[in-house]
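Novice: Pasting in a structure now, in structure tokens, and then I'll have a few things to ask.
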Amino acid sequence: MTSQQFSENFIWGSATSSYQMEGAWNTDGKGPSIWDVFCLIPGIVYEGNTDEIA
């Protein structure tokens with residue numbers, strides 16, 4: 001295994017999404033969030049994608 005070095009100006013970052021953290025709206029009594037409802041508005045999200053499969 002080799003070691004890699006990052007440049008001095010390299011900036012670490014991280015991200016997550018509500019779908020990863022909150023889980024499905026219809027399980028364990030959670031209920032829909034504002035984003036679950038927002039994604040269902042026609043024409044609002046790219047190509048009509050929703051979180052139904054996430």
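Novice: Given a 1.4 angstrom probe, what's the average accessible area per residue across the chain, in square angstrom?
Specialist: Details: 5300 Å² over 54 residues.
Normalised by residue count, the accessible surface of the chain is 98 Å².
Novice: Still on this model: Which residue, GLY31, GLY13, GLY43, has the most motion in a Gaussian network model of the chain that connects Cα atoms within less than 10 Å?
Specialist: Between GLY31, GLY13, GLY43, it is GLY13 that shows the largest mean-square fluctuation.
Novice: How many percent of the accessible area of the chain is carbon or sulfur, using a 1.4 Å probe? The partial results should precede the final answer.
Specialist: Working: 3040 of 5300 Å².
Carbon and sulfur: 57 percent of the exposed surface of the chain.
Novice: If exposed chymotrypsin sites (Phe, Trp or Tyr not before Pro) are those in a DSSP loop with at most 12 other Cβ within 10 Å, what is the longest stretch of the chain that has none? Provide the component values of the computation, followed by the final result.
Specialist: Values: sites that count: PHE6, PHE10, TRP12.
My reading of the result: 13-54 is the longest stretch.
Novice: With every protein chain present, what accessible area does ILE44 have (1.4 Å probe, heavy atoms only), rounded to the nearest 10 Å²?
Specialist: 80
Novice: Work out the P(r) tail for the chain: percent of alpha carbon pairs separated by more than 13 Å, whole number.
Specialist: Values: 1004 of 1431 pairs.
Counting every Cα pair in the chain, those more than 13 Å apart make up 70 percent.
The values are calculated or read from the model by the stated rules, or taken from the named source; none is laboratory data. For clarity, every value in this text was computed on a predicted model and none was experimentally measured. Backbone-built Cβ (ideal geometry, glycine too); neighbour counts: all protein chains shown. We work out accessible area using only protein heavy atoms, side chains counted, and drop any ligands, DNA or RNA first. Shrake-Rupley method; radii C 1.70, N 1.55, O 1.52, S 1.80 Å.
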